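The values are calculated or read from the model by the stated rules, or taken from the named source; none is laboratory data. This is a predicted model, so every value here is computed, not measured. As a convention, Cβ positions derive from the backbone with ideal geometry for all residues, glycine included, and neighbour counts pool all protein chains shown. Only protein heavy atoms, including side chains, enter the accessible area calculation; ligands, DNA and RNA are left aside. Shrake-Rupley method; radii C 1.70, N 1.55, O 1.52, S 1.80 Å.
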Amino acid sequence: MPLVSSSGKSGRALARAGHALPWALVTPALGWTLLFFVLPFIAMGFSSLTAHEGGGFTLSNYSQFFINPSYWQAMVNSLEVTAIVTVVSVLLAYPFAWILAEQVPKRWQRLALMLAVLPFWTSYVVRSYSWLLVLAQNGVINRALTGSGLITEPLQLANTRLATVTGFVHFFVMLLTLTIFANLKQLSPSYRKAAADLGAGPVRTFLHVILPLTLPGIMVGAFLTFVLCIGDYITPQILGGNNELLMPQLVMMQIGRRGDFPLASALSIILMAVVTVAYLACARWLKIERA
Amino acid sequence: MSVKSASGNPLSALKRHLHAACAATALLLGVGSLAEAADLNALIWCDHSDPGLLQPFEEANGVKVNVKEFEGTGAGLAIVEQSQPGDWDVMVIDSIDVPRGVEKGLFEPLPEDKLPLADLFPQVKMDGSTVVGGKRYGITEKFGYNTIGFNKTKVDPADMQSLASLTSDKYKGKVAIYDYYLPVIGMAALAIGKKTAELTEADLPALKDELLKMKANAKLVGEVTASQTALATGEVDILVGGGEWVTAGLAKENPALDFSIPKEGAVLWSQSLAMFKDSKNKDMALKFIQYIMSPEGQARLATSSCYWGMPANTKAALTGDQKKVLRFDEQPGFLARAQAYPAPNADLDKKMQDMWTEMLQAK
């Protein structure tokens, strides 16, 4: 009896420990999220509903966005730039990832991947300024074009939307390459063999088998690109020459001199809402498990 | 009055609690990194972080100056609001914004008899801003002009004597605009014959037209580093809003860079030092202000590695070459033609910033 009782107690203790362990493991992450995301977000939400002058409840910080065409234009610009960057990055990254996964011998893949992500090792700001030097009027590209006689006057490449997109694409192609590469490597060769057995050629196999199966990798990468791109301040600020404003620049403008944190908070929450819509649109492909 | 109304508002009360929670969190996380009471904690612009400026003061007084850089008064005041009272001792602030700090009850009156006010250029004392309610809360330490910076080998210097050149076809695509709305709006005001100190909401349409003309000629609108780089690398030949703060520091490497004070005038910028009311180290804070305002401190500040500017003290111990680069001897004439930095009230300030946003978005 005492033995039974003892084993029963230890069994219950083990069961309790078994229940407690996942919570113990997840608590630091939950605490971190609560402290550095949930609380600041709530604070930002309240700030966005407060009048800049005199305090008190107001919705004007939100209404300004819809009333002021230049604020609205910032969102349109952000969406346009983000869409272009995402599409171009996917189109460049997919063949790159395919070559890495399928054409590069296995023993060289690790090195090839490392080389592919090498630009990640440099500072984001330094990389943006480097692009500015490449695209400048006296930069490498213009000097090469004028030197070869292809053009007589330098092109305006720096301080344009093209420059912003170039800087973004350089960064996000690396990110997308990684996610698509990982997806391609997970694919069993038997899919291709089965397709071939059923008479499908390489193009048909790619379009009807490989591409659908790698869609989760593409969508995860595209979603990350969307989120990181639409919220980025540095690249458009350095490369875009302020010839158009994107949402993060508009948010920062409210803070600099006037310290209008309520309006900056409202604009940030609107930006976050757009990201949420993008998430919901991609949600079906963002599941970790695959059927 | 605003405090009273805020205390009765449930939203504000919740906001206050959230602020307190955030401040407590920041305090917990910052334990160990917070400066010791014996140190001097300064909220500064980048020109004050030059070791060449701080080291002599630190060695002479056996104190460590902890600095935190910020850009824009709003951002600086937000840092103060998120700090504990007494965390900061001194602050660098736009002279026109000293009253904002006073209204928030942040600053300590400065003892005029212990400061070299008599040695300052009279036009840059800015008593209208630095003295509030008969008490001095700020002292101008450095000034300069938002005017036309240019490369004299690429443009006709005679053209740079008129603001009309900035909108002429001759320099289309050769222009950069400094990305700060107040001084450039001030320049637009000068271009259309308005006085910067008298701008009202009724002037905004005409100012907007002028800004749009400038934008149509511009290749970029850039903050300090971007606009300076554009001028230095030849991406553009003219910087609207540029001045000695852009050209003087680059004079050795690029002597072709220069600035003009056009016939319509220029916008005078000035930065001040203020002491915090809750400083735990007021004696050392005053010593720091006295050092910065001394001839030696003024020379070091004027030629700081971040950006050069005119020292407010006429007795600044600058070398002959430094004075030449800063055009020290021409200051009386420049100051006579310079106009005040626009200092709009909160409502007009917001409208001016929105107008600037429209200009930036214009294709």
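Taking the listed residues B:LYS172, B:LYS104, the one that is assigned by TED's automatic domain parsing to the domain that holds B:ALA75 and either of a type in the set (S, T, N, Q) or open to solvent by 30 Å² or more (accessible area, probe 1.4 Å) (or both) is B:LYS104, with no other qualifying. Looking at A:GLY18, is it open to solvent by less than 50 Å² (accessible area, probe 1.4 Å), more than 28 Å from A:PHE226 (Cβ to Cβ) and not aliphatic (A, V, I, L, M)? It is true that A:GLY18 is open to solvent by less than 50 Å² (accessible area, probe 1.4 Å), more than 28 Å from A:PHE226 (Cβ to Cβ) and not aliphatic (A, V, I, L, M).
Within region B:309-322, none of the residues are in a helix (DSSP H, G or I), charged (D, E, K, R) and crowded, with 17+ Cβ neighbours inside 10 Å.
Residue count for region B:215-271 under the criterion of being over 24 Å from B:GLN331 (Cα atoms), hydrophobic (A, V, I, L, M, F, W, C) and surrounded by fewer than 21 Cβ atoms within 10 Å (Cβ to Cβ): the result is 2.
The helices (runs of 4 or more DSSP H) found entirely in region A:51-166 that carry 3 or more residues being closer than 30 Å to A:LEU215 by Cα and out of contact with any Phe, Trp or Tyr (no Cβ under 8 Å at 6 or more places or on another chain) are A:69-98, A:106-116. Can we say B:ASP258 is in a loop (DSSP other than H, G, I, E, B) and in contact with a Phe, Trp or Tyr (Cβ under 9 Å, 6 or more places away or on another chain)? For B:ASP258, the condition - in a loop (DSSP other than H, G, I, E, B) and in contact with a Phe, Trp or Tyr (Cβ under 9 Å, 6 or more places away or on another chain) - is not met. Scan region B:274-324 for residues that are under 19 Å from B:CYS46 (Cβ atoms) and of a type in the set (Val, Ile, Thr) and the total you get is 3.
Here is the figure for region B:226-235: residues that are over 18 Å from B:LEU360 (Cα atoms) and either at pLDDT 90 or above or within 9 Å of chain A (Cβ to nearest Cβ) (or both) total 5.
Counting the residues of region A:68-104 that are more than 18 Å from A:HIS170 (Cα to Cα) and either within 10 Å of another protein chain (Cβ to nearest Cβ) or modelled with pLDDT of 95 or more (or both) gives 11.
Does A:PHE172 meet the test of being aromatic (Phe, Trp, Tyr), modelled with pLDDT of 90 or more and buried (at least 17 other Cβ atoms within 10 Å of the Cβ)?
Values: aromatic (Phe, Trp, Tyr): yes; modelled with pLDDT of 90 or more: yes; buried (at least 17 other Cβ atoms within 10 Å of the Cβ): yes.
Judged against the criteria, A:PHE172 is a match.
Taken together, A:ASN242, A:ASN183 contain a single residue that is outside any helix (DSSP H, G or I) and over 27 Å from B:GLU81 (Cβ atoms), which is A:ASN242.
Let's see how each residue does on (1) part of a helix (DSSP H, G or I); (2) among the aliphatic types (A, V, I, L, M); (3) more than 10 Å from every other protein chain (Cβ to nearest Cβ); (4) crowded, with 24+ Cβ neighbours inside 10 Å:
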site	(1), (2), (3), (4)
A:VAL209	yes, yes, yes, no
A:LEU213	yes, yes, yes, no
A:PRO216	yes, no, yes, no
A:MET219	yes, yes, yes, no
A:VAL227	yes, yes, yes, no
A:PRO248	yes, no, yes, no
A:VAL251	yes, yes, yes, no
A:GLN254	yes, no, no, yes
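Residues considered: B:LYS194, B:LYS208, B:LYS219. Of these, the only one that is among the basic types (Lys, Arg), within 14 Å of another protein chain (Cβ to nearest Cβ), more than 27 Å from A:VAL134 (Cα to Cα) and touching an Asp or Glu at 6+ places or on another chain (Cβ under 9 Å) is B:LYS208. If you go through region B:47-78 and keep only what is open to solvent by 30 Å² or more (accessible area, probe 1.4 Å) and either among the basic types (Lys, Arg) or at the interface with chain A (Cβ under 10 Å from one of its Cβ atoms) (or both), you end up with B:LYS64, B:LYS68, B:GLU71.
When residues in region B:122-167 are screened for being touching a residue at least 60 places away in the same chain (Cβ under 8 Å), closer than 28 Å to B:ALA256 by Cα and open to solvent by 40 Å² or more (accessible area, probe 1.4 Å), 5 of them pass. Applying the condition of being in a helix (DSSP H, G or I) and open to solvent by 70 Å² or more (accessible area, probe 1.4 Å) to region B:324-363 and asking which residue is nearest to the other protein chains (Cβ to nearest Cβ) yields B:GLU358.
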